[in-house]
Amino acid sequence: MSQNYQILSAAPLQKGASFMTPRQRMADAVVLSDRAEMVMTDFSIVAVYTISALETIEAARARMIHHAVRLLLVVDDMNAVLGLVTATDLTSEKPMQIIQSQGIRHNDVLVKDIMTPREKLQVLCVDDVLKASVGDIVATMQAHGRQHALVADRQVDRSQVLRGMFSATQISRQLGMSVSTIAPLNTFAELGAHLKD
């Protein structure tokens, strides 16, 4: 080497040292007319948390608490998305129904028993999201009665890949007001159907 380069000093790695993980910097405050991407958790920047379908719901609860999230993607050994599980799923009637129908203990209920399977998931197209406003996303989530909205992109081979997610909790935080995503019931028939579920 023809130039003089400085040798940096090195030190031992301390016991208990951790590591940095990617963090997306979200805008502190937004208004409904702002770009939707300002409230989207972008999986190309922030790691998404996952769980196996064969883990217990207690493991799912612990992972959500540890990572301060309310949704986990359920994946197989190849990281293909099998579904998702939310904090609402964990506290809903689903676990009790499984316990009663299968005669098992609460600690034996698996994520696969209560998750929303991939076949029932709907996704927003990232191209539409990039043209949308925060208000558009709120209206979409309200129309579908969803706390979360997944966003999909296409890879070079045209296969689908999850690109991000919207969370009503995150949007509420950034808007500085509560965003109710409970779908309005427009008729008595809808109300009756809702009460039977």
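Where a number appears in this text, it was derived from the coordinates with a stated rule and is not lab data. Not measured: the values here are computed from a predicted model. Cβ sites come from the backbone with ideal geometry, for glycine too, and all protein chains shown count toward neighbours.
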Ranked from fewest to most other Cβ atoms within 10 Å of their own Cβ, T116, T91, T41 fall in the order T91, T116, T41
Expected sort for V109, V85 with the fewest Cβ neighbours (10 Å cutoff) up front is V109, V85
Quick one: I45, I99, fewest Cβ neighbours within 10 Å first, how do they rank? I45, I99
Can you give me the distance in nm between label points at S101 and V156, each placed 7 Å from the Cα along the Cα-to-Cβ direction? 4.4 nm
Let's test the formula: R0 of 22 Å, r as the Cβ-Cβ distance of V31 and K131. What FRET efficiency results, to the nearest 0.05? 0.80
Name all residues of segment 96-129 having a backbone nitrogen under 18 Å from the label point set 7 Å from the Cα of T56 along its Cα→Cβ direction, giving them as ranges. 96-115
Cut-off of 10 Å, at most 13 other beta carbons, DSSP loop: longest stretch of the chain lacking such chymotrypsin sites (Phe, Trp or Tyr not before Pro): 20-197
Lysine pairs in the chain with alpha-carbon atoms under 18 Å apart, 8 or more places apart or on different chains: how many are there? 4
Relative contact order, percent, of segment 25-122 when contacts are C-alpha pairs under 8 Å separated by at least 6 residues? 26 percent
Please return the longest range in the chain lying between exposed loop sites, taking trypsin sites (Lys or Arg not before Pro), DSSP loop only, at most 12 other beta-carbon atoms within 10 Å, and leaving the sites out. 26-104
Between A17 and V46, Cβ-based FRET efficiency (R0 22 Å, step 0.05) works out to 0.50
Note the listed values (1) 16.7; (2) 17.2; (3) 19.5, then indicate which one is Kirkwood radius over Cα pairs in Å calculated from this particular structure. (3)
222 nm mean residue ellipticity, helices alone, for the chain (DSSP H n ≥ 4; -39,500 (n - 2.57); rounded to 500): -8000 deg cm²/dmol
Evaluate the relative contact order of the chain (contact order divided by residue number), counting alpha-carbon pairs under 8 angstrom at least 6 apart; express in whole percent. 23 percent
Env charge @ Q122, Cβ radius under 14 Å, K,R +1 / D,E -1, value +1
